[in-house]
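The structure appears below as structure tokens.
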Amino acid sequence: MIAKGQRALDEGRPDQAIGEFLRADLIDPSNAVVQNNLCVANTLLRRYDDAIGTCRAALNLKPDFQLAKNNLAWALSERAKSEASMPR
């Protein structure tokens, strides 16, 4: 499931990747890699709040997970850019 999700991400199908990662999460909810991959897929889909939540979940599981820290920063940055471009 993780490999299928990663392949879907690599092929530009983050919506399908999320399904695979959610199935993996049901089997092993303590897997920080799965949470991080959900963060990436959600960021690509511009679901920033979901992305931020799953990155934080990855870091709660593995506080020294540098890739999750980087992806959290990316998701926060993308959300800020999106909010800044909205008309007031």
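For this structure, a couple of remarks:
- Residue within the stretch 34-44 that is part of a helix (DSSP H, G or I) and of a type in the set (Ser, Thr, Tyr) present: yes
- Checked against (1) surrounded by fewer than 14 Cβ atoms within 10 Å (Cβ to Cβ); (2) part of a helix (DSSP H, G or I); (3) among the charged types (D, E, K, R); (4) at pLDDT 95 or above, residue 64 meets all criteria but (2).
- Options 22, 72; residue that is within 10 Å of the chain's Cα centre (by Cα), assigned to a helix (DSSP H, G or I), of a type in the set (A, V, I, L, M, F, W, C) and surrounded by 14 or more Cβ atoms within 10 Å (Cβ to Cβ): 72
- The sole residue among 78, 83 that is of a type in the set (D, E, K, R), part of a helix (DSSP H, G or I) and either in contact (Cβ under 8 Å) with a residue 24 or more places away in the chain or touching an Asp or Glu at 6+ places or on another chain (Cβ under 7 Å) (or both) is 78.
- Matching residues, the stretch 1-19, being within 20 Å of residue 78 (Cβ to Cβ) and either among the aromatic types (Phe, Trp, Tyr) or not in a helix (DSSP H, G or I) (or both): 12, 13
The values are calculated or read from the model by the stated rules, or taken from the named source; none is laboratory data. As the structure is a prediction and not an experimental result, all values here were calculated from the model. Note that we place each Cβ from the backbone using ideal geometry, even for glycine, and neighbour counts take in every protein chain shown.
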